[in-house]
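Trainee: Take this structure, written in structure tokens, and hold onto it; I'll ask about it next.
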Amino acid sequence: MSLTNREIADIFARCADMLQIRGDNIHRVLSYRRASETIRDLARDLRAISAEGGLTDLPSIGKTIAAKIDEMLETGELDFYNRLKEEVPEGLVDIMHINGVGPKKAKLFWEQLDITSVEGLQKAAEECKLADLSGMGKKSQQKILDGIEALSRQTGRTPIGDAKPAAQAILDMLMNLPEAIEGEIAGSIRRGRETIGDVDLLIASDNTEPIMDTFVNMENVARVLGHGPTKSSVELLSGLQVDVRVLEKARWGTALNYFTGSQAHNVRMRQIALDQGLSLNEHALSPVDDGKNIIEDAEKIYCDTEEKVYETLGLQYVPPELREDNGEIEAARDKSLPTLITRADIIADLHMHTTYSDGKLSIQEMAEACKKRGHQYIVITDHSRSLGIANGLSIERLMEQMEEIQQVNEAMGDDFHIFAGTEMDIKADGTLDYPDEILEKLDFVIGSLHVSLQQKRDQITERLLNAINNPNVDMIGHPSSRLIPNREPVDADWDAVINAAAETNTILEINANPMRLDLKPELARLAKDSGVLLAINTDAHAEDQLDLMSFGITNARRGWIEPKHVVNTWSVEKFRDWIQNRG
């Protein structure tokens, strides 16, 4: 059986890792890695592309790689990969998935201690056999153990930044069919969870067959897992499972409520229904007798909207992002749910990068892209001088940038303003990357952690507090520095951080990039309850990343955040007054 796109991409990625461990030329390594990335992002089946003779038209796919793809499509395996596994133990690739372990360390463990698996590495670390190796030590050994523990917590779920666009594309395609009346993404995506198991799509229609046939015959389907009149399931070439349910419009409200979840929220809803003599499921609200059994000949209550479900039970409508049984049911009973922030409330972005550091657009291009999206002002916040990997700005270059910002402001006109800022490193020793006399010249200063993220709790906390307590630092960027799903958040005393931010009037960021979503909702809610100001920013490095704002909005809504809690809902006059007079 031939392999799917995802399986072929995985094989090429593992080949790249094994070649890197072996010490092959970096260009050869990159050829396999880029091929893997190209294939992973394809929306079409490689089998169809190969049949058309179009493999070499794909980015990073030359004749050699194309021949290997054809081999896998025909035989289900790759002879080159099999031979490579005889030379380089495949388990070393799994070891490289541990945070902080690259090809050199994986090779070191293999050659010095004959370690070829994560289990073997963990045993060696627990027996203190790694500390004496060249370039290691007890701290590095402990980091290995921490990395193995973090790896064990990874669930194999798909980040929402990957799952939601894929789900939306399928929904949009199905909703273009004349038989489709109404459609919605349900499940974890609708609630805004940071990672997703399977995708759930609901379509209202009186004619299911054309919708289901179109769905299971999409080009990006690897396998059809089920094909029926009311439910069909497929596995995409990306490995994501998508379930589509089609139902009549009369049951839309109860079905959407049920399949949105969460399970805990649904359990509470069903109990409220039972307390009122009703049984709630995805089909309807049905009267029950004293034994809680459905009365078969009693008239059922059908809900064509979710609002009707909540209204029938005497509850205020609960937005999907709040449906986690974290107090929303009690608030809905009291009609005291918050008016959550929406995308329309945001009129600024306070964190972005340009070609001065590691961005793709100039200052003016970024300003025009933001104005096009309805923003009234932005802050340019390129990286500071210590972050060499991101082309951080020296003091001289920072001064040049400030002059250019002034020039672009004049060109942009009176209805848009650019503030001069920086995303400044909070260094490993807790000091800040620019001296105070430079920070005082800037309009807006972000302090962020980028290095030494494995430090102990007291060190990380002290670094964050040092930045928060500096009167020139206006905001802490992506406070926990996590990267979903591969990097755990830093270990900090968040009560101390939030209390300090409240006392100093320092903003904490909700970074909208779906790889970060940082602050996470629980901390954002704690922060706003403590009186801390928040800002939802994209941290954009390219124009399309400005559109990630929606993920930040959803994350904020999960934290019960209202417009009044968020700085970049303010007018430019209010924001200017705040940065000039905060204290």
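The values are calculated or read from the model by the stated rules, or taken from the named source; none is laboratory data. Since we're looking at a predicted model, the values are computed, not measured. Neighbour counts run over all protein chains shown; Cβ positions are idealised from the backbone, glycine included.
Trainee: Taking residue 142 and the conditions (1) of a type in the set (S, T, N, Q); (2) farther than 23 Å from residue 15 by Cα; (3) over 32 Å from the mean Cα position of the chain (by Cα), which numbered condition does it fall short on, given that it satisfies the others?
Mentor: (3)
Trainee: Within the stretch 231-265, which residues are modelled with pLDDT under 95 and among the polar types (S, T, N, Q)?
Mentor: 233, 238, 241, 262, 263
Trainee: Hey, among 14, 44, 40, 33, which residue is modelled with pLDDT of 90 or more and under 26 Å from the mean Cα position of the chain (by Cα)?
Mentor: 14
Trainee: What are the residues in the stretch 480-512 that are under 19 Å from residue 99 (Cβ atoms) and modelled with pLDDT of 95 or more, if any?
Mentor: Here is the first cut: in the stretch 480-512, the ones under 19 Å from residue 99 (Cβ atoms) are 480-492.
Those that are under 19 Å from residue 99 (Cβ atoms) and modelled with pLDDT of 95 or more: 480, 481.
Trainee: Sticking with this structure for a sec: Select the helices (runs of 4 or more DSSP H) contained entirely in the stretch 395-472, then report the ones holding at least 1 residues which are among the polar types (S, T, N, Q).
Mentor: Numbers: elements: 395-412, 436-439, 457-468.
Hits in the stretch 395-472: 395-412, 457-468.
Trainee: Have a look at 330, 403 and point out the one that is without any contact (Cβ under 8 Å) to a residue 40 or more places away in the chain and in the same structural domain as residue 308 (by TED's automatic domain parsing).
Mentor: It is 330.
Trainee: On to the next question. Can we say residue 542 is within 28 Å of residue 372 (Cβ to Cβ), surrounded by 24 or more Cβ atoms within 10 Å (Cβ to Cβ) and touching a residue at least 40 places away in the same chain (Cβ under 8 Å)?
Mentor: When the stated conditions are applied, residue 542 does not pass them.
Each row is one residue, and each column tells you yes or no for (1) among the β-branched types (Val, Ile, Thr); (2) surrounded by fewer than 19 Cβ atoms within 10 Å (Cβ to Cβ); (3) assigned to a loop (DSSP other than H, G, I, E, B).
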site: 310; (1), (2), (3): no, no, no
site: 314; (1), (2), (3): no, yes, yes
site: 317; (1), (2), (3): no, yes, yes
site: 333; (1), (2), (3): no, yes, no
site: 336; (1), (2), (3): no, yes, yes
site: 354; (1), (2), (3): yes, no, yes
site: 361; (1), (2), (3): no, no, yes
site: 366; (1), (2), (3): no, no, no
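Trainee: Which residue, of 105, 63, is in the same structural domain as residue 136 (by TED's automatic domain parsing), buried (at least 19 other Cβ atoms within 10 Å of the Cβ), out of contact with any Lys or Arg (no Cβ under 9 Å at 6 or more places or on another chain) and of a type in the set (D, E, K, R)?
Mentor: 105
Trainee: Given the conditions (1) within 14 Å of the chain's Cα centre (by Cα); (2) surrounded by fewer than 23 Cβ atoms within 10 Å (Cβ to Cβ), which single one is not true for residue 499?
Mentor: Single failed check for residue 499: (1).
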